[in-house]
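J.: Encoded as structure tokens, here's the structure I'll be asking about.
The values are calculated or read from the model by the stated rules, or taken from the named source; none is laboratory data. Model, not experiment: these values are computed from the prediction. When we count neighbours, we look across all protein chains shown, and the Cβ atoms used for this are built from the backbone with ideal geometry, even at glycine.
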């Protein structure tokens, strides 16, 4: 079955959250696990928008915490599909924080998530190719096959442990 390519922009998903004290650790910075939950949700929505079906998280990698997120700041979690294989999709997720009083914004976290599309029986199903449009999308799309190769090698290495 031939699947029509879709632009990366169709999967783009954005979530905005205000960070409260219950979201933070004793250092008054956001819990990494809470942030990862938001990132996984936004990545899942992007993957479902692309696949137009059910998906599951297969892996998370290159999760880089670049700067702390503090109480009272706002975060924007953004995700889009960068590349597809037969049934899998690589999703780039980035997080920016904003101090609402000063307007200062900074990139705080980036990561790549891999999702697999599933049919109604829970079996992997083919997804359409993605078409990058912006400079960022083109760059990430071009470098995705190497990340995919490294993921597969890491997975194989762990199976043989």
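J.: Which of the strands (runs of 3 or more DSSP E) contained wholly in the stretch 51-161 include at least 1 residues that are surrounded by 13 or more Cβ atoms within 10 Å (Cβ to Cβ) and without any contact (Cβ under 8 Å) to a residue 24 or more places away in the chain?
T.: Qualifying strands (runs of 3 or more DSSP E): 88-98, 105-118.
J.: Any residue at all in the stretch 106-118 that's touching a helix residue (DSSP H, G or I) at 6+ places or on another chain (Cβ under 9 Å), over 19 Å from residue 42 (Cα atoms) and modelled with pLDDT of 95 or more? Please lay out each step first, then the result.
T.: We begin by selecting, within the stretch 106-118, every residue touching a helix residue (DSSP H, G or I) at 6+ places or on another chain (Cβ under 9 Å); these are 108-109, 111-118.
Keeping just the survivors that are over 19 Å from residue 42 (Cα atoms) gives none.
No, every residue in the stretch 106-118 fails to be touching a helix residue (DSSP H, G or I) at 6+ places or on another chain (Cβ under 9 Å), over 19 Å from residue 42 (Cα atoms) and modelled with pLDDT of 95 or more.
J.: Continuing with this model, one more query. I'd like to know if the stretch 67-80 contains one or more residues that are more than 26 Å from residue 131 (Cβ to Cβ), under 16 Å from the mean Cα position of the chain (by Cα) and modelled with pLDDT of 95 or more.
T.: Yes, the stretch 67-80 has at least one match.
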